[in-house]
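Take a look at the structure set out below.
The values are calculated or read from the model by the stated rules, or taken from the named source; none is laboratory data. Source: prediction; values computed, not measured. Using ideal geometry, Cβ is built from the backbone for each residue, glycine included, and neighbour counts are taken over all protein chains shown.
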Amino acid sequence: MIKGRVKVINRLGLHARAAALVVKKAAEFESKITLIREEKSIYADAKSILSVLTLAAAQGMELMLEVDGSDENAAFEAISSLFETGFGEV
């Protein structure tokens with residue numbers, strides 16, 4: 001299992017289009033991918049758009065990213081990269 005923090009840097013936060021990008025990228029991997037909003041104890045399956053949207057992650061918010069599975073390294077890098085690039089909006 002790999003764990004690390006990701007930060008929402010785009011102005012609109014983790015809105016529907018950004019969440020859809022996360023879900024689309026997560027679906028490419030076998031690993032279980034979870035995003036966690038720790039202060040509210042909200043766990044989101046990164047392969048479910050409704051689950052990701054429940055995080056209500058605004059700009060500047062940090063989330064915990066947990067990836068567990070056979071392709072966890074590649075999955076972690078891919079999802080982290082989406083956050084680092086602001087989902088192509090920055």
What single numbered condition from (1) modelled with pLDDT of 95 or more; (2) out of contact with any helix residue (DSSP H, G or I) (no Cβ under 8 Å at 6 or more places or on another chain) fails to hold for ALA75? (2)
Given GLY88, GLY69, GLY4, which one is at pLDDT below 95 and not β-branched (Val, Ile, Thr)? GLY88
For the structure I just gave you, tell me whether ILE49 is at pLDDT 95 or above and within 9 Å of the chain's Cα centre (by Cα). no
Among helices (runs of 4 or more DSSP H) entirely inside the chain, those with 3 or more residues being without any contact (Cβ under 8 Å) to a residue 60 or more places away in the chain and surrounded by fewer than 17 Cβ atoms within 10 Å (Cβ to Cβ) are 16-26, 72-84
Across the range 2-34, what is the number of residues that are aliphatic (A, V, I, L, M) and in contact with an Asp or Glu (Cβ under 6 Å, 6 or more places away or on another chain)? 1
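Being of a type in the set (Gly, Ala, Ser) and touching a Leu at 6+ places or on another chain (Cβ under 9 Å) is true for just one of ALA75, ALA18. Which residue is that? Write out each step before concluding.
Numbers: ALA75 fails: touching a Leu at 6+ places or on another chain (Cβ under 9 Å).
Every option except ALA18 fails the conditions.
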